[in-house]
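Here the structure comes first, spelled out in structure tokens, and everything after it is commentary.
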Amino acid sequence: MTVTIVGSQLGDEGKGGVVDLYGEAVDVVARYQGGDNAGHTVVFEDQEYKLSLVPSGAVRGNVGVLGNGCVVNPETLFSEIDALRERGLDPDVRVAERAHVIMPYHRVLDGIEEKAKESSDLDAGTTGKGIGPTYEDKIGRRGIRIGDLLNPDSLRTKLEYVVPQKRALAEDVFGVSASGASGGSSGRSSDGETTDEAFDIASLYEQYRRYGERLAEEEMTVSSGEFLTDRIESGENVMFEGAQGTSIDIDHGDYPYVTSSNPTAGYAATGTGVGPTVVGQGEVVGIVKAYLSRVGTGQLPTELGSVEGQTPEGGGRLGQSDLATEIRDKGGEYGTVTGRPRRVGWLDMPMIRHAARVSGFTGLVINHIDVLAGMDEVEVGHSYDLDGEELLTMPSTSKQWAHCGVNYKKFDGWTEVDWSEVAANGYDAIPENARAYLDYISSELDTPIYAVGVGPGREQTVRLEEDLLVLSPEKRAQKGLFLAFQYPAEIEGVTMTNFLRTALNAKIEEREELFEEGDEEDAEEEDEGFETSPMEGPADDGEIGVAEFQEILAEKMEELDMDEQFAQRYLNAGFSGGEKKQNEVLQAALLEPAVAVLDEIDSGLDIDRLQDVSNGINALRDEQGTGILQITHYQRILDYVEPDTVHIMLDGEVVKSGDASLAAELEDKGYYWVREEVYETA
């Protein structure tokens, strides 16, 4: 099972803390893009760790993988590993052989080019770490990869080809002396390397050959796609960790004020070598900061105050400088890697709506609501105004974004409280006005909140969903639980249409009786909501509509006393694609099933396996005289709907039967189960 962590804004949303928060359920944490420009601050067991390259999960003992979509500075990699070891940790970090290597000349050229852009509007305010130039060489097919460091002959050949080109670029295009004699900043990288050091083939060869030897000695290199696929197929949980944020994505961000890779969820597959269905069948969690921050230049429509050298001319709300400083200092808004002050602003909903669409968030983690405590009023950029038109999401170009006005929505502020106590007592302990703010965000994105960060520590988090890796019922066909609820015999077949016809039969009959009795006024009132049919195909007489069905589900939710956040996930009105699956839990609850069938499916795309499951459940139906609706979900539904009988099925055969305690037994094993465990149980 997988979960992908994505920054929904401009980076610095608190992704590292979220990786740490759910790290106990994770075996592997894989980064899929970026380099050592990606600062993470992780607090674990009262210790603070600042990382820029090593995956955050390494702090708590997870296997860390730098995927092929990353660019790797070996010096930074080994420096961070050594520092963690000095603090008593033993990080297990693997590096994709296909990942590209950041070389000293990349860092020098990064600094030179950014200096050349200073007087133009193209200055992106990069960290100078050589990230962009390394990705340029990757696309230009002249890059050096981790695998090349393991092969001295390949390394020398590539250096002899590329270094003269880079020297010529520095000298002939940018006019920087290769001797570095001037000692000026234009002749040095952000790490202090002169052009002379950065472009010496013999020196580079020896230095990076030694890096390759250490990588080999510590057995750190892997084919990331193969490595991760093997782990997933063996039943392990994998978390894909994005760096930076959606609005600085090279394709979907504020171009050209962007990073050089894709932090969005789609790249989790490309940047690690797993299939897109592996990522798509898992959770995709959007990380949201309760306000907005940005390091570097580019647009920030809701900016408060300004930061010299970063805020564009005419940008920011200068009268709000004191408020900006308060938020910046309280939230620690200074770059993890650079130490630069971050620009801050109110939450920007068009930006987050854009992020939710691009990555397909299944859940949200909202951080730093404690930073906004104590203010009389909190504002949100609800929408933009561009040339008289209201925009609910970001425009495509930076020029358009620069001309957007902001339509603000105001919320009453909330008081300072003991946030550790709030974290201990749960969501209802969050101040009421803060909950209204959070509910607004969730409602606007039509996405449930999984956790709320109320402080920097892992323990300072309100968790609404304890186990991310057992959620997404619509995505559990591969390596997940398969539950089939069985119903009275009058249900014919297993389709959604047949199920809904039977489940809602009483309501339909009630409407028809009103027509027969001639009470047209009451009948028309009952008929409201019947115009849009959730059934497959065109609406026929007698089919119930979405609005009516949603009302019935809400009533059942209340009757079962379901947890609000749990139930809200499934209380959506739509009935297409995955939305059908989101409703199936409460649909099952309507008829209170007597029998549950649990089956582990190796792959949702394996037709033979699916046929085995179908045949096996149909055999049970024939034997017991019951109808069946199959739904993909996990065991928590059994907290609300307790069947009389539970069957464990494997390859279409029942291998064990029992009451609801059997499901609880599997739950104790960790909610999901693999074939070997079930055979042992059987």
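The values are calculated or read from the model by the stated rules, or taken from the named source; none is laboratory data. Small disclaimer: the values here were computed from a predicted structure and weren't measured. Using ideal geometry, Cβ is built from the backbone for each residue, glycine included, and neighbour counts are taken over all protein chains shown. Quick note on the areas: whole protein, heavy atoms, side chains included, nothing else; ligands and nucleic acids left out. Shrake-Rupley method; radii C 1.70, N 1.55, O 1.52, S 1.80 Å.
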### Task
Tell me which residues, restricted to the stretch 91-117, are farther than 17 Å from TYR208 by Cα, touching a residue at least 40 places away in the same chain (Cβ under 8 Å) and basic (Lys, Arg).
ARG94, LYS115
### Task
Would you point out which residue out of ALA424, ALA434 is open to solvent by 80 Å² or more (accessible area, probe 1.4 Å) and closer than 26 Å to ASP20 by Cβ?
ALA424
### Message
Take THR4 and tell me if it is touching a strand residue (DSSP E or B) at 6+ places or on another chain (Cβ under 6 Å) and open to solvent by 10 Å² or more (accessible area, probe 1.4 Å).
### Response
no
### Message
Which of the strands (runs of 3 or more DSSP E) found entirely inside the stretch 318-393 contain at least 3 residues meeting this: surrounded by fewer than 24 Cβ atoms within 10 Å (Cβ to Cβ) and in contact with a helix residue (DSSP H, G or I) (Cβ under 8 Å, 6 or more places away or on another chain)?
### Response
377-386
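Going through the stretch 38-82 one residue at a time, which ones are open to solvent by 30 Å² or more (accessible area, probe 1.4 Å) and either in a strand (DSSP E or B) or at pLDDT below 85 (or both)?
THR41, VAL43, PHE44, GLU45, ASP46, GLN47, GLU48, LYS50, ARG60, GLY61 - these are the residues of the stretch 38-82 that are open to solvent by 30 Å² or more (accessible area, probe 1.4 Å) and either in a strand (DSSP E or B) or at pLDDT below 85 (or both).
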### Query
Could you say whether any residue in the stretch 284-294 is closer than 30 Å to GLU326 by Cβ, open to solvent by less than 40 Å² (accessible area, probe 1.4 Å) and part of a loop (DSSP other than H, G, I, E, B)?
yes
### Task
Those residues that are part of a loop (DSSP other than H, G, I, E, B), touching a residue at least 60 places away in the same chain (Cβ under 8 Å) and touching a Phe, Trp or Tyr at 6+ places or on another chain (Cβ under 7 Å), I need them from the stretch 394-433; list them, please.
MET394, CYS404
### Query
Among the residues of the stretch 38-61, is there at least one that is at positive phi and touching a residue at least 60 places away in the same chain (Cβ under 8 Å)?
yes
### Query
What number of residues in the stretch 300-315 are crowded, with 24+ Cβ neighbours inside 10 Å and under 27 Å from the mean Cα position of the chain (by Cα)?
2
### Message
Out of the residues in the stretch 249-283 meeting the condition of being of a type in the set (Val, Ile, Thr) and either part of a helix (DSSP H, G or I) or at pLDDT below 95 (or both), tell me which one is most open to solvent (accessible area, probe 1.4 Å).
### Response
THR270
### Message
Checking the structure you have, find out if any residue of the stretch 85-103 is buried (at least 22 other Cβ atoms within 10 Å of the Cβ), assigned to a loop (DSSP other than H, G, I, E, B) and of a type outside the set (Gly, Ala, Ser).
### Response
yes
### Task
Could you please find all residues in the stretch 437-460 being open to solvent by 20 Å² or more (accessible area, probe 1.4 Å) and under 18 Å from ASP46 (Cα atoms)?
PRO456, ARG458, GLU459, GLN460
### Task
Please work out if GLY339 is more than 24 Å from VAL284 (Cβ to Cβ), more than 21 Å from the chain's Cα centre (by Cα) and of a type outside the set (Phe, Trp, Tyr).
yes
